[in-house]
1. Taking the conditions exactly as written (at pLDDT 90 or above and assigned to a helix (DSSP H, G or I)), does V603 satisfy them or not?
2. State which residue is nearest to E527 (Cα to Cα) when the search covers only the stretch 465-505 and only residues that are among the hydroxyl-bearing types (S, T, Y) and more than 31 Å from the chain's Cα centre (by Cα).
3. For I516, are the conditions met, namely being more than 29 Å from A610 (Cα to Cα) and either crowded, with 22+ Cβ neighbours inside 10 Å or touching a residue at least 60 places away in the same chain (Cβ under 8 Å) (or both)?
4. Can you report the number of residues in the stretch 198-211 which are crowded, with 20+ Cβ neighbours inside 10 Å and either assigned to a helix (DSSP H, G or I) or out of contact with any Ser or Thr (no Cβ under 8 Å at 6 or more places or on another chain) (or both)?
5. Can you go through E194, E215 and tell me which one is in a loop (DSSP other than H, G, I, E, B) and closer than 30 Å to A129 by Cβ?
6. Assess whether E509 counts as being under 18 Å from I594 (Cβ atoms), of a type in the set (D, E, K, R) and more than 32 Å from the chain's Cα centre (by Cα).
Amino acid sequence: MKKAWAYLIGLSQGILSAKNWLLAYALLILLPVSIMLGTFYQRSNEVLEKEVTRTMQLTLKQAGMNLTYKLNHIRDSSNSVFMNQILYDNLLQKDKITDQLGQIRELRNLAETAQENEDIFRLRFFVEASRMYGGDRINLYPLADMDQYPWYEAVKEAGGGIVWTGVYPEIYNDYGEKKIFSAARLLRNPRDYEEIVGVLVMDVSETLVQEIVSELQFSEKYAPYLLDGRGRLIYGTAGPDGVEPGAEAGSEQEMNQLPEDVLSAISHSEEGVVKRTIGRDNVNVVYTTVGTTGWKLVAQVSEAEISHRATALGQFTSIATLAGITVMFLVLVFVLLMFMIQGVQRRVQMILRMIRKEGIGWLEERRSMPDGDFRLLERSVDHLIHKVNNLVEESYQAKIQEREAQLRTLQAQINPHFLYNALDMINWSAISHNAEDTSEMIEALAQYFRLSLNKGRDNVSIEDELELARVFLEIQQNRFPSTFTFSIQAEPGLESYIIPKLTLQPLVENALLHGIRKTKSKQGTIEISVRLENGDVVLTVADDGIGMDPRQANRLLLEPAAGQQADGMEGSFGLYNVQERIRYFAGNRYGLSIETEPGKGTVVRVAVKAVLRK
């Protein structure tokens, strides 16, 4: 009986020691770490929300810069017409009817020249009704018609300066009704500045603003809109407040009016973020200024939506952080368990000593595990810690690479757009100097860049891809005149299918530069065809150039050629790059095949899964 009581007392002391260790773990480690985690999560969310808001500001600013550029282009066109001496020579003459017919032709030619700018829908001259040409209502209108426009008073107050109107509906005799906004200005007699000889109005389609504003997908509840310098709505899309596209000032607009303090803050700075409350929503009002007009481009985003985006953005980082904290918990638990086991071991050894003292020898075989087992467990935990630390480091490096890729993507979007816009300005200069050949080449190159950009999308319709190939070949025909011909054939109904962008262009370039241009005559033919085969889209590029060894052709599909850069284009055939992109888009059973033989030309066949454009 005495031996049994001693054994039970020792065992109860060991259990009590384990409970004390668990209580100490909860109070000294688990509770502080939980508070630390909560604080870290709250702080990281605040930082991420600021970063998301800043990203929205940059996106909105970029949209404002794009709109400013287009409006500057329209302003420059207006200035060009406004300063044209031909305009005033015709407005100031009062000749016979036969002479006025010549004046009509000259004014229409002036209008048509300005309308070659794709952003200008119609150029209208409002002139005295006494002139016969003042009433054809295509490009020439009676000056009295200006009284029907509410913004005419602002035009008169501006003298000869440009007044930008809001979006409004206009009915054209040769087109019908269309929603537009205009850049209007007075035309004065150069010899008598007080005499008003007409009004110059450049009409711009609502879609110019709509295309830019519609890309600002900041909120599912609140749509972006434009305000004029006095805070009045001049363009907006349908949102929870019931504002329709191009809504004029009125009761519906007033439902979406910003509070006076918000309007005041917006009017006194170029860009920024202002907070407001709509019902139960705390809303951030992000705005920027459109330089040419003084308009304000405004987007509203609720803080709940910003928080949701920040949570999604920080999810990866949170997982890595939690993984690191989990490792720390494992180490702490291991240390606590080790101390607990040592305490229990001491109790068991004491019981064994008591049993030996009492002469009970059969319990000596039931001793605790040797020290080697604990060392094995410790080594295993150490290995786990190192492995998790390596994973955390890899996750951190992946996050850095992801941010760098985002920056490179933004730069890649900005630089091509700058180049395309520069080409457009050079084209306008070529037109003004009657350099038609130069203008055609610049327009072709600009069209090539516009098609290749595709608004940043990776996939394009077959129709756009064929058009890109056609523009590329026409540019090469100007580069190598009378050296090759080409044909493009596509089965009807394939225009709505999509393929990876720049699928055909590398193949067409190979056919020309590595096929036809390397023949002795440097002349040949390129044939492009698109058709459906067994539910798949098949694109073929064939040439009658020098051809190549079939084994070399197969190697080009399996690995990058010598001298090939990361994009698969510089100094090589680029076939490996196209092959990989096709397989990424459609799967491994799709891709390229080559039929070729030295001296007998090359046929490249591209098989792609048929995917309709959404």
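1. Working: at pLDDT 90 or above: yes; assigned to a helix (DSSP H, G or I): no.
Considered against the rule, which asks whether it is at pLDDT 90 or above and assigned to a helix (DSSP H, G or I), V603 comes out as no.
2. In the first step, residues of the stretch 465-505 are kept if they are among the hydroxyl-bearing types (S, T, Y); the result is 482-483, 485, 487, 496-497, 503.
With more than 31 Å from the chain's Cα centre (by Cα) added as a condition, the list becomes 482-483, 485, 487.
Numbers: S482: 16, T483: 15, T485: 9, S487: 5 Å.
The qualifying residue nearest to E527 (Cα to Cα) is S487.
3. On the way: more than 29 Å from A610 (Cα to Cα): yes; either crowded, with 22+ Cβ neighbours inside 10 Å or touching a residue at least 60 places away in the same chain (Cβ under 8 Å) (or both): yes.
Considered against the rule, which asks whether it is more than 29 Å from A610 (Cα to Cα) and either crowded, with 22+ Cβ neighbours inside 10 Å or touching a residue at least 60 places away in the same chain (Cβ under 8 Å) (or both), I516 comes out as yes.
4. 3
5. Details: E215 fails: closer than 30 Å to A129 by Cβ.
Result: E194 is the single residue among E194, E215 that is in a loop (DSSP other than H, G, I, E, B) and closer than 30 Å to A129 by Cβ.
6. Working: under 18 Å from I594 (Cβ atoms): yes; of a type in the set (D, E, K, R): yes; more than 32 Å from the chain's Cα centre (by Cα): no.
Spelling it out, it is not the case that E509 is under 18 Å from I594 (Cβ atoms), of a type in the set (D, E, K, R) and more than 32 Å from the chain's Cα centre (by Cα).
The values are calculated or read from the model by the stated rules, or taken from the named source; none is laboratory data. The structure displayed is predicted, hence computed values, not measured ones. Reconstructed Cβ throughout: ideal geometry from the backbone, glycine too, with neighbour counts over all protein chains shown.
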